[in-house]
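See below for the structure under consideration.
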Amino acid sequence: MGTALVYHEDMTATRLLWDDPECEIERPERLTAALDRLRQRGLEQRCLRLSAREASKEELGLVHSPEYVSLVRKTQVLGEEELQALSRQFDAIYFHPSTFHCARLAAGAGLQLVDAVLTGTVQNGLALVRPPGHHSQRAAANGFCVFNNVAIAAAHAKQKHGLHRILIVDWDVHHGQGIQYLFEDDPSVLYFSWHRYEHGRFWPFLRESDADAVGRGQGLGFTVNLPWNQFDPELVLVSAGFDSVIGDPEGQMQATPECFAHLTQLLQVLAGGRVCAMLEGGYHLESLAESVCMTVQTLLGDPAPPLSGPMVPCQSALESIQSARAAQAPYWKSLQLQDATPVPTSPSTHSPEGRPPPLLPGGPMCKAAAPAPAPAPSSFLDQPCLCPAPSVRTTVALTAPDTTLVLPPDVIQQEGSALREETEAWARPHKSLAREEALTALGKLLYLLDGMLDGQVNSGIAATPASAAAATLDVAIQRGLSHGAQRLLCVALGQLDRPPDLAHDGRTLWLNIGGKEAAALSMFHVSTPLPVMTGGFLSCILGLVLPLAYGFQPDLVLVALGPGHGLQGPHAALLSAMLRGLAGGRVLALLEEDSTPQLAGILARVLHGEAPPSLGPSSMASPEDVQALMYLRGQLEPQWKMLQVGAFTPQK
Ligand code: Q9C
Ligand code: ZN
């Protein structure tokens, strides 16, 4: 449905007229550098360009006092001395004769973006604006911010579009205290901010930026740090500051631009993909431009480049997450349940006596795991087969091209098949692949897989007769490993056993969702029952599948919907959408041949970058689901450090 880019060149007019080392970083080149890079990359051309309009007095009045708006209006006619004097009345602020015009354009740009998304003109978008907004308050400018662009957009979405649940995610390095103050007693706006804090020693030095600020009155629990699984927003607004990125003089942190692709992609599974991002901070021009490109290309549906790095969360981050979870637990059932459930040594319902074996150091399981390549920093660009970007983003390789499939125009329905002799050679060891239908399907799958391994195709779906699903998956794994994949993640839904001959060399991570019991047979062989309720399914993805997958850093993902997988379209879509964050989106989904065209269609669209449908407000995970999850997390946490992020871990 498209991505909007809202901009107006007048917003480059405001600038610092005097000497002030604190404010000089907020300069016009921030916008031009970002825009130039978007053009260079061909990203601007793929967006719907909207020219920003000025927000009206009434619109500004949604969050600001009339007195403050007229104060800012009057700065248009002030001389330099007076501007400087007024600026000194606020913290980290400069006014310029064009400030009022620019700030009205910045707020107006946010309104246009929200209108375009909520009327269905586009799916999502970015407003490139100056001045930023998230620090500004009802009657105060603060931290380079004059009008609170995101807050005005949220108030407008409520008032003009009748929305009841809006999520604001603030990924700027600073706490957007302005947004927090404006909505702290409003349960219809959930404000989530992560920010550098340093126990209160980082600007804006506020006690209320800490995790124990959780909102007040009706808004208790709707401020700060929350998981998304119960709120089910209708719209996601992003206070998109890029001052946590490498090189930023203000944030002095180390986020890579790729991080913003992943943050964006994670948010796109909410609110049916209705994501409106608005620029806040970001002062290193090169890093800012790169990060803006990452955000826009992800909004456009391009797969996120893999994250590099050790994938081991640091202790101080874990402590911060834990205090936020603890502070929020009184208000969110999903947090209560997990945080109150002690890690069982043996789950009461999912494991018979004596099973599974503990993962003892030096035991057979760990020996198997030992030669694993340490989840090594792997960069997208290091892998020649992934570069340049595949010419085909998504291919559908069903046995009989289906005319009832609803697909985006550039999704290809594959005609080709692998050579007959080659297909037969791969099929020979498997009885279930002897039948003609199974062979035909395998030929199509191998052809698709080769296209992906050669780097011509990014993602795809293939089908197989149910009776041949396990063998087909086995062949796909072997083929992937022998033809270039270094680390292969296989997520098998339903009754699919791990292929018996699969080497225990750490190159394959096998995750079965739909097993009879929760079992970690080794760190690379995990099985969990299918959580039946929505809440359990989400917890399983967020609390188990993604931490393992991000920790493993695969360069190929297979997701197989096998016999009895029990997933409905929206669930399968959500899982696929989230797995798309791995391996640069190199995901192959294997379906059963008699799956509905609706299921094939929804998966193809999601792998292609469309937002999955919203699951709706999620029910709670059942106690059994929570037990199974906690049990596996407890077993696997020593090996997979990313698991420490998702939920409680008693800190020793
Ligand atoms: N030495 C935004 O990122 N500077 N505003 C504090 C203390 C103020 C940041 C420096 C930073 C304001 C939108
Ligand atoms: Zn900032």
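The values are calculated or read from the model by the stated rules, or taken from the named source; none is laboratory data. In this text the structure is predicted, and so the values were computed from the model without any measurement. In this analysis, Cβ positions are derived from the backbone assuming ideal geometry, glycine residues included, and neighbour counts consider all displayed protein chains. Accessible surface areas use protein heavy atoms only, side chains included; no ligands, DNA or RNA. Shrake-Rupley method; radii C 1.70, N 1.55, O 1.52, S 1.80 Å.
Quick notes on this structure:
- Kirkwood hydrodynamic radius over Cα pairs of the stretch 1-100, then Stokes diffusion coefficient at 20 °C and 1.002 mPa s, in µm²/s: 136 µm²/s
- The apolar share of the surface of the stretch 52-158, taken as the fraction of accessible area on carbon and sulfur atoms (1.4 Å probe, ligands and nucleic acids excluded), comes to 51 percent.
- The share of accessible area on the stretch 536-652 that comes from carbon and sulfur is 57 percent, using a 1.4 angstrom probe.
- Over the stretch 429-503: Rg over Rh, Cα atoms, Kirkwood Rh: 0.94
- Amide proton proximity set for Leu509, modelled H, under 5 Å, gap of 5+: Leu488, Leu489, Cys490
- Taking the alpha carbon gyration tensor of the chain, multiplying each eigenvalue by 5 and rooting it gives semi-axes of 46, 27, 21 Å, largest first.
- In nm, spacing of pseudo-spin labels at Val77 and Asp36 (7 Å Cα→C-beta vector): 3.8 nm
- Excluding same-chain neighbours fewer than eight residues apart, the aspartates and glutamates reachable from Lys74 by a Cα-Cα span under 13 Å are Glu82.
- Amide N proximity, the stretch 105-144 versus Leu206 label position 7 Å along Cα-to-Cβ, cut-off under 15 Å: 133-144
- Positive-end extreme of charge dipole, the chain - chosen from Thr12, His504, Gln644 (charges on Cβ): His504
- 1.4 Å probe accessible area per residue over the chain, in Å²: 38 Å²
- Phi to ³J(HN,Hα) by Karplus 6.51 cos²θ - 1.76 cosθ + 1.60 over the stretch 536-551, Hz, x for Gly, Pro: x, 5, 4, 4, 5, 5, 6, x, 10, 4, 5, x, 5, 5, 5, x
- Calculated [θ] (222 nm, deg cm²/dmol) that DSSP helices of n ≥ 4 give over the chain, each run adding -39,500 (n - 2.57): -10000 deg cm²/dmol
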